[in-house]
Amino acid sequence: MKKIFLLFSLIAILYIFESCTKDSNTTNQNYAFTKPYCATITVGGVVGISEKCYQIGDIVTGKENTSGKLTIRIADHSALNDGPVTSASYQEFLDVPLDYLAITK
């Protein structure tokens with residue numbers, strides 16, 4: 001019984017380790033917009049929402065996620081975003097479809 005438990009524990013640890021190493025392989029890369037792109041974002045406070053637009057040739061840095069989109073940071077993190085969501089909270093990340101982007105070198 002101990003051997004079976006040890007074997008299952010070892011398999012679980014190896015599975016977790018493999019999952020973590022796959023996620024850490026994705027790094028930030030530079031991308032350039034190939035088409036104009038606009039999105040509605042949450043800016044918080046009295047304003048609430050705003051339009052964020054990119055033009056052809058604008059360069060951003062981000063990570064590709066599994067849903068075929070690039071996650072880019074559009075605002076720095078601050079204490080306003082710590083804790084539960086409030087009217088002062090704002091959007092830090094934006095997911096952009098990869099159809100609008102090309103990797104730059």
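A few remarks follow.
- Evaluating 6.51 cos²θ - 1.76 cosθ + 1.60 at θ = phi - 60° for every residue in region 78-88, the Karplus couplings come out as 9, 5, 4, 9, 6, x, x, 5, 10, 5, 8 Hz, glycine and proline recorded as x.
- Counting protein heavy atoms only, the chain has 62 percent of its accessible area on carbon and sulfur, 1.4 angstrom probe.
- Applying 1/(1 + (r/R0)^6) with r as the Cβ-Cβ distance of Asp99 and Val43 and R0 = 22 angstrom yields a FRET efficiency of 0.30.
- The mean of 1/r over all distinct Cα pairs in region 32-102, once inverted, gives the Kirkwood hydrodynamic radius of 13.1 Å.
- Lysine pair count for the chain (Cα-Cα distance under 30 Å; residues 8 or more apart in sequence or on different chains): 13.
- Residues of the chain: accessible area per residue with a 1.4 Å probe, Å²: 75 Å²
- Placing +1 on the Cβ of every Lys and Arg and -1 on the Cβ of every Asp and Glu, with nothing else charged, gives the chain a dipole about its Cα centre of roughly 440 debye.
- Value of relative contact order over the chain, rounded to a whole percent, pairs C-alpha under 8 Å and six or more apart: 28 percent
- Using alpha-carbon coordinates, inclination of helix 2-24 to the longest axis of the chain, degrees: 20 degrees
- Net length gained if the chain between Thr34 and Thr61 were fully extended (0.36 nm per residue, minus Cα distance): 8.3 nm
- Extension gain for the segment Ile16 to Met1, taken as residue separation times 0.36 nm less the Cα-Cα distance, is 3.1 nm to one decimal.
- Ranking Ile16, Pro84, Gly68 by how far each Cα lies toward the positive end of the dipole of the chain (charges on Cβ) leaves Ile16 at the top.
- Note on Leu80 and Lys52: with the Förster distance fixed at 22 Å, the Cβ-Cβ geometry gives a FRET efficiency of about 0.75.
The values are calculated or read from the model by the stated rules, or taken from the named source; none is laboratory data. It should be emphasised that the depicted structure is a prediction, and the values quoted were computed from it without experimental measurement. Quick reminder, even Gly has a Cβ in these numbers, built from the backbone with ideal geometry, and neighbours come from all protein chains shown. Heavy atoms of the whole protein, side chains included, go into the accessibility calculation; ligands, DNA and RNA do not. Shrake-Rupley method; radii C 1.70, N 1.55, O 1.52, S 1.80 Å.
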